[in-house]
Amino acid sequence: MSEALSKKITQMVREVVPEVTEWRHTIHKNPELAFHETDTSALIEKSLLESGIDKIRRVGSSNTGICAELYGTAGGEGRCIGIRADIDALPIQEQSGVNYASLRDGVFHGCGHDSHTAILMGTARLLSRFREQFSGCVKFFFQHAEEELGGGREFIEAGVMENPHVDEVMALHALPDILVGEIGVRDDFMTAGVDLLEITIEGKQAHGGYPHFGVDTILAASTIVTTLQSLGSRELAPTDCALVTFGRIEGGISNSYIGGPVVLEGCIRYLRKPTQELFHRRVREIAESVGQGLRARVSVKITPEAIPTCVDRACVERIRRAARGAESVKNIVELPSPAMGGEDYACFLEKAPGSLFRLGVRTPGGQHCPTHSINFYVDDDALTVGMEVMTAAALDALGV
Ligand SMILES: [Zn+2]
Ligand SMILES: [Zn+2]
């Protein structure tokens, strides 16, 4: 990309950033939970119409996702790229103290999707002004319901990756671990695969003073929990990454009575397919054999929820290139490890190669506020960085 074009992008980002900041604050003040993003999608649609975007259609069971298409007018065959932003909020009471705080009780953009949405609205406006310079198509995916991991799948089922076929996808996600002006990249896994785990243990009831008449389910459950921790440390290569976590235990009868059913709820997180297979097999084997050893009946239910996000090296290189030319980017951080959370952008990456980069959102000298915490905070200056990198990367991908 020429220096002149980079300068032009910087200049145009400066022009749109006041309006983009306003959009972000409006969305932040009016957060909406997964599958209920009606005001948010109405605002997005309005801005896309004002930006002269060609085709806009609703997506998903709640009709709150938006897929928009912008066609270049340079003539000739071109590529088709897709840029995705997630638009939903979380069931959390905001305590960030910003003057544009949530007006809706118990709902909060605690993951930064308000900024992702505003950045993509701004990027659509910028790319529409560049349309004479490219051929091909840009699809904008304003995806609903990321926090419940259902929206991504609905987008794919709605056929957004075809007609025209999407050659490459891009996305960003806020990261409070790095500063505003920084972006974070990796060449392989960005987020983990997540499978939900439910283990039910049944025994035989007895008085606690006479345990030999019963089968103790609490003992079996706690032995299963601790034994499964050996998977990550003894059966997985130390260079790989996977874990079993339990977040909820329910069951038992009373202080002096044993043998009531116990349910363990948790999840398996992994990166590689063979590791997922190993964990599925061994979680079952260990839980069932521990149960057998302690005379309890054990049943294991595993429900896949999210697949890992694995980016494409060449597409990530494009992000690095765009960031190096962006005035607002002060530093490109090579992330040492993937995040072990789930992200349903992985659905898009199943259909086309692509990139996902982390956008630094912490103010220098400011507090570290993790995503999904009550005081999560995104510095508005990150909007400039996000738009500058995304617009440059999109034009690069379109061959401008
Ligand atoms: Zn989140
Ligand atoms: Zn998120």
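The values are calculated or read from the model by the stated rules, or taken from the named source; none is laboratory data. Keep in mind it's a predicted model, so treat the numbers as computed, not measured. Here Cβ is always computed from backbone atoms with ideal geometry, including for glycine, and neighbour counts include all displayed protein chains. Surface areas here come from the heavy atoms of the whole protein model, side chains and all, with no ligands, DNA or RNA. Shrake-Rupley method; radii C 1.70, N 1.55, O 1.52, S 1.80 Å.
Quick notes
- Accessible carbon and sulfur surface of the stretch 1-123 relative to its total accessible area, %, 1.4 Å: 50 percent
- Where only DSSP H runs of four or more residues are counted, the chain gives -11000 deg cm²/dmol as its mean residue ellipticity at 222 nm, each run worth -39500 (n - 2.57).
- Cα gyration tensor category, rounded, prolate or oblate, for the stretch 193-306 with a/c compared to 1.5: prolate
- Phi-derived couplings, Karplus 6.51 cos²θ - 1.76 cosθ + 1.60 at θ = phi - 60°, listed residue by residue for the stretch 212-226: 5, 8, x, 10, 7, 6, 5, 5, 5, 4, 5, 5, 4, 4, 6 Hz, with x used for Gly and Pro.
- Dipole magnitude of the chain, debye to nearest 20 (Cβ charges: Lys/Arg +1, Asp/Glu -1, about Cα centre): 580 debye
- For the chain, projected area of the alpha-carbon convex hull averaged over all directions, nm²: 21.2 nm²
- Coupling constants for the stretch 281-296 follow from the phi torsions by the Karplus curve (6.51 cos²θ - 1.76 cosθ + 1.60, θ = phi - 60°), and in residue order they are 5, 6, 4, 4, 4, 5, 4, 5, 6, 4, x, 4, x, 9, 6, 9 Hz; glycine and proline get x.
- Residues residue 237 and residue 11, FRET efficiency given R0 of 51 Å [Cβ-Cβ distance, rounded to 0.05]: 0.55
- Using a probe of 1.4 angstrom and keeping all protein chains present, the accessible surface of the chain works out to 42 square angstrom per residue.
- Positive-pole candidate from 303, 143, 218, dipole of the chain, charges at beta carbon: 218
- Theoretical FRET efficiency, 1/(1+(r/R0)^6), r = Cβ-Cβ of residue 282 and residue 303, R0 25 Å, to 0.05: 0.90
- Cα shape, the stretch 235-378, gyration tensor, a/c 1.5 rule: prolate
- Peptides 158-171, 113-126, ordered by how many other C-beta atoms sit within 10 Å of their residues on average, highest first, read 113-126, 158-171.
- Cleavage-rule hits, GluC sites (Glu not before Pro), the stretch 1-92, DSSP coil, Cβ neighbours within 10 Å at most 13: 77
- Amide H partners (placed H, <5 Å) of residue 89, local residues excluded: 32, 33, 34
- Cα gyration tensor category, rounded, prolate or oblate, for the stretch 321-392 with a/c compared to 1.5: oblate
- Rounded to the nearest 5, the antiparallel percentage of DSSP beta bridges internal to the chain is 65%.
- Orphan Cys of the chain, criterion: no other Cys C-beta under 4.7 Å: 67, 111, 241, 267, 310, 315, 347, 369
- For residue 169, residues with placed amide H under 5 Å, excluding near neighbours: 82, 354, 355
- Under Karplus coefficients 6.51, -1.76 and 1.60, residue-wise ³J(HN,Hα) of the stretch 383-400 in Hz, glycine/proline x: 4, 4, 4, x, 5, 5, 5, 5, 5, 5, 5, 5, 5, 4, 5, 8, x, 7
- Once Rg and the Kirkwood radius are both taken over the C-alpha atoms of the stretch 265-339, their ratio Rg/Rh works out to 1.26.
- Cross-link check: pairs 330/351; 29/55; 139/301; 273/330 evaluated at a Cα-Cα cut-off of 30 Å; pairs beyond the cut-off: 330/351; 139/301; 273/330.
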